[in-house]
Amino acid sequence: MAAARYDAEKYGGGKYPPPPPEQQYPPPQQQRKEEREWVPWAVPLVVAANIVLFAVAMYANNCPAHAAGSHRRGGACVAGFLRRFSFQPLSENPLLGPSSATLQKMGALVWDKVVHEHQGWRLLTCIWLHAGVLHLLANMVSLVLIGIRLEQQFGYLRIGIIYIVSGVGGSVLSSLFIQNNISVGASGALFGLLGAMLSELFTNWTIYSNKAAALMTLLVVIAINLAIGILPHVDNFAHIGGFLTGFLLGFIFLMRPHYGWMQRYVLPSDVKYTSKKYLVYQWVLLAVASVLVVIE
């Protein structure tokens, strides 16, 4: 997936010949901000925060304190040697995690509380909680594989905005359609990054060599993650809402200069290049996405 995401053309698909060795690296003063690779720290910080909050939720859950009730419901705490960090019975939570009541107290998305009790903050807090170890592991592995590369390429600010806003967008759509169950997880925010990757592929289409492979790989990853929506406390409405939000934001925040402009310092002197930093279709996509974001 990461390879497909960065399957960029080395020399513009033959449109531009490779520069001679002495011209392959521009002087330091000619290096542009857009071309540098950022040191990722925000995504690892988000991963660490999600893990810590899951540990806090398990501590607050304290399954052994409710062991008697768990037995009456047909199960005991899983991994009892973990004591108060042990998991709820599998009959309650097959993902190895806390109870629904604990998640609700910690800030899970609950339609009734958002609408009738005006607890809009749950639209944000729910994206930092997870239903279980399996849920947390699936999301954090995906976030590392996707987020690290995006942050390296575009920086923490743009990726952070896409992640948070997409998470809230997913929560909003989820709260509109899921009114009888609670919802937690970073899936909406994660799908926002996937959506941004797809729009980035479209808006920076000219720098990809194997376009079909990159597109198909990304679509397969999206389909697999949608299948995760059948798990308890996870819903595809959050996935779809986050994906659509990230897809639009990607056109706005992830637009990159086309290949010819970025390589203007290293191309041979007899090769002509356009002085335009961005192509017309990139500006059109940005304008349309901006309007749709405002309307949304």
statement: The lone condition Leu123 fails out of (1) of a type outside the set (Lys, Arg); (2) touching a strand residue (DSSP E or B) at 6+ places or on another chain (Cβ under 8 Å); (3) in a loop (DSSP other than H, G, I, E, B) is (3)
task: Output the residues belonging to region 20-56 that are over 22 Å from Leu157 (Cα atoms), surrounded by 17 or more Cβ atoms within 10 Å (Cβ to Cβ) and modelled with pLDDT under 95.
output: none
task: Return the total of residues in region 133-151 being buried (at least 24 other Cβ atoms within 10 Å of the Cβ) and either in contact with a Ser or Thr (Cβ under 6 Å, 6 or more places away or on another chain) or not aliphatic (A, V, I, L, M) (or both).
output: 3
query: Taking the stated definitions as given, is Gly167 in contact (Cβ under 8 Å) with a residue 12 or more places away in the chain and either of a type in the set (S, T, N, Q) or touching an Asp or Glu at 6+ places or on another chain (Cβ under 9 Å) (or both)?
result: no
- prompt: Just one of the numbered conditions (1) at pLDDT below 90; (2) closer than 22 Å to Ile164 by Cβ; (3) assigned to a helix (DSSP H, G or I) is not true of Ala67; which one?
  reply: (2)
task: Count, please, the residues in region 100-117 that happen to be under 16 Å from Val168 (Cβ atoms) and in a loop (DSSP other than H, G, I, E, B).
output: 3
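Residues checked against (1) within 29 Å of Pro40 (Cβ to Cβ); (2) at pLDDT 90 or above; (3) over 17 Å from the mean Cα position of the chain (by Cα); (4) not β-branched (Val, Ile, Thr):
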site	(1), (2), (3), (4)
Pro98	no, yes, yes, yes
Asp112	no, no, yes, yes
Trp121	yes, yes, yes, yes
Leu124	yes, yes, no, yes
Arg149	yes, no, no, yes
Ile159	yes, yes, no, no
Ile164	yes, yes, no, no
Gly167	yes, yes, no, yes
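The values are calculated or read from the model by the stated rules, or taken from the named source; none is laboratory data. Every value quoted in this text rests on a predicted model; they were computed, and no experiment measured them. Virtual Cβ from ideal backbone geometry, glycine too; neighbours counted across all protein chains shown.
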